[in-house]
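Only one structure is covered here, and it is reproduced in the block below.
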Amino acid sequence: MSNFRIAPSILSADFACLGDEVRAVEAAGADMIHFDVMDNHYVPNLTIGPMVCAAIRPHVKIPIDVHLMVSPVDRIIEDFAKAGADLITFHPEASAHVDRSLQLIRDAGCRAGLVLNPATPLGYLDHVMDRLDMILLMSVNPGFGGQSFIESTIPKLRAVRARIDAHQNAGGSRIRLEVDGGVKVDNIGRIAKAGADTFVAGSAVFSAPDPDGGYRGVIGRMREALAEASP
Ligand code: DX5
Ligand code: ZN
């Protein structure tokens, strides 16, 4: 199996039948379910919480990747851990104590990650690399699906890839590099070349028309583009 992971974001799924939707993307070859949590406070939109995470958990075997766009962060961590989240990421600006929030996630038995917005500097990573299992770079401003990929994410990915490689070469544990926003079949190869190994795709997957093979078709074309991009 390749090192690349594709994580469809259910933000663009049909919320009236989420169980069917997550089963369908798992059957179509998804590696993870990306679960976008918005609070109408940290971001200007309101979505789904731990009860919905617990409701979909029995429908799939693949990990659930919970992306918290909420402030405060800490109180909701345990609820998501109990609801079956495997990985929990949050935005450092949304937490008063980033190191504590990262510890809470691992203490709850989940893998932990930080999410950096397009204009958020990499300095937030400086003192917490050993607490991270994932770094997620936003390639759109958080809040909505269906936005266009922001190009400045490409050099930022290269810079984070260099930090992760240095950390791992110095004996640090593995950190995945995820990208979220505007990922499509026609740009995923470039994004992989810049250093990402995990790809969130919402509208690209869930809007895929049936004549083009639906979810399986688009995930397959993404894998082909990734295979072409890998050395
Ligand atoms: C945006 C969310 C994304 C979003 C991506 O705030 O974090 O996960 O669903 O959607 P697309 O792939 O349509 O840009
Ligand atoms: Zn997301």
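So here's what we get for this one:
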read-out	value
Environment charge of Val52, counting only residues whose C-beta is closer than 13 Å and scoring Lys/Arg +1, Asp/Glu -1	-2
Whole-Hz ³J(HN,Hα) from phi, Karplus 6.51 cos²θ - 1.76 cosθ + 1.60, for region 208-218, glycine and proline x	5, x, 4, x, 8, x, x, 4, 5, x, 5
Distance from region 150-213 to region 1-63 (C-alpha centre basis), Å	18
Taking Met51, Met69, Met134 and counting other C-beta atoms within 10 Å, the order from fewest to most	Met51, Met134, Met69
Positive minus negative residues near Ile62 (Lys, Arg vs Asp, Glu; Cβ under 10 Å)	-2
Given charges at beta-carbon only (K, R positive; D, E negative), |dipole| of the chain in Debye	460
For region 5-229, with +1 on Lys and Arg beta carbons and -1 on Asp and Glu, the positive-most of Phe90, His34, Ala162 along the dipole	Ala162
Lysine pair number, Cα distance threshold 23 Å (strictly under), the chain, separation 8 or more or different chains	4
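Each value in this text was obtained by applying a stated rule to the coordinates, not by laboratory testing. As the structure is a prediction and not an experimental result, all values here were calculated from the model. For neighbour counting, all protein chains shown are included, and Cβ atoms are generated from backbone atoms with ideal geometry for every residue, glycine included.
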